[in-house]
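Below is one structure; the comments refer to it alone.
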Amino acid sequence: MSIPCAGPILVIATKNRGKSAEIKSALKDFPVLLKDLNDFGQVAEPVEDGVTFEENAYKKASFTARVLGLPALADDSGLEAQALAGAPGIHSARYAGPGATDSDNNAKLLKALSGKTNRKARFCCVLSLAVPSGAALTYEAFCEGLILDSARGDNGFGYDPLFLYPAMGKTFAEMSAEQKLNVSHRGLALRELKTEFEKVLRWLELRRKEEDLRRGAHDMCCE
Ligand code: ITT
């Protein structure tokens, strides 16, 4: 049962509705008011020019927190195929080019893997939780599986229909949202964050007080 709350706002720094829905579902019992970038109209977005998931997650979280003046949780994630030396990796969202759809990306992946017998792949997720001053906490997790020859299932988003989770014999797109969160890279990273959520809330409160003090000191010296 979810606890109704109007606690501190936590902005999920994404417009990706699939990602956002998974994060909201995992954090639904916590005393924070979850919003995502779709709730804020036109918001500037950072350039994701980092070379690791961690760098890009931090860029998205710290940029959003600074621009909106609110704590922000960003997820940078992607699929790494072993036979493609880790591609599409950090380029997963735009693998088939700027403006690529999920089905463009899936088609490109199938083409790149055609004739390859090594179908091993893993999803990676790095979560970065940042406050406006830039301080951040980081969580990372992986999920290993196999890339099929053709799509299976209608749930989820992105590469879900091609990603087989062998222990369940199902692709992520054949799982319920709850089943996917139990085993996925994002679900595991969120579980880590959740195990220390009390600490996280205290951390957010302390950072907020520090920022209030800094602002107060600045106002006094500049009046
Ligand atoms: P934001 O940057 O706004 O969060 P994005 O979709 O551009 O949205 P990323 O740069 O982190 O996010 O790229 C993640 C891509 O990796 C995503 O668009 C999917 O193609 C793929 N991906 C990540 N997690 C996935 C999942 O659970 N299931 C399927 N595909 C996933």
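Coordinate-derived values only; no laboratory data. Since the model is a prediction, treat every value here as computed from it, not as a measurement. Cβ: placed from backbone, ideal geometry, glycine included. Neighbour counts: every protein chain shown.
Name all residues of segment 116-155 having a backbone nitrogen under 15 Å from the label point set 7 Å from the Cα of Met168 along its Cα→Cβ direction, giving them as ranges. Hits in segment 116-155 for Met168 at 15 Å: 123, 143-146, 152-155.
For Gly156, no residue whose modelled amide H falls within less than 5 Å of its own remains once neighbours fewer than 5 places apart on the same chain are excluded. Spin-label model, Arg122 to Glu211: label points 7 Å out along the Cα-to-beta-carbon direction sit 3.4 nm apart.
A straight chain from Met220 to Asn38 at 0.36 nm per residue would run longer than the Cα-Cα distance by 61.9 nm.
Between Thr52 and Asp102, residue separation times 0.36 nm minus the direct Cα-Cα distance comes to 15.9 nm. Take the Cα of Ser25, step 7 Å toward its Cβ, do the same at Ala85, and the gap between the two points is 3.6 nm.
Look at the alpha carbon pairs under 8 Å that are at least 6 residues apart: their mean separation over the length of segment 21-98 gives a relative contact order of 17 percent. Bridgeable aspartates and glutamates around Lys180 (alpha carbons under 15 Å apart, same-chain partners fewer than 8 residues away excluded): Glu22, Glu144, Asp154, Asp160. From the cross-link list Lys108/Lys170; Lys59/Lys194; Lys15/Lys59; Lys15/Lys120; Lys35/Lys199; Lys19/Lys59, which pairs have alpha carbons spaced over 24 Å apart? Violating the 24 Å limit, Cα to Cα: Lys15/Lys120. Based on the alpha-carbon gyration tensor of the chain and its eigenvalue square roots a ≥ b ≥ c, which shape applies: rounded if a/c is under 1.5, prolate if not and a/b is larger than b/c, or oblate? Prolate. Simple rule: put +1 on each Lys or Arg Cβ and -1 on each Asp or Glu Cβ in the chain, find the dipole, and look at Gly78, Phe123, Asn106; the Cα lying farthest toward the positive end is Asn106.
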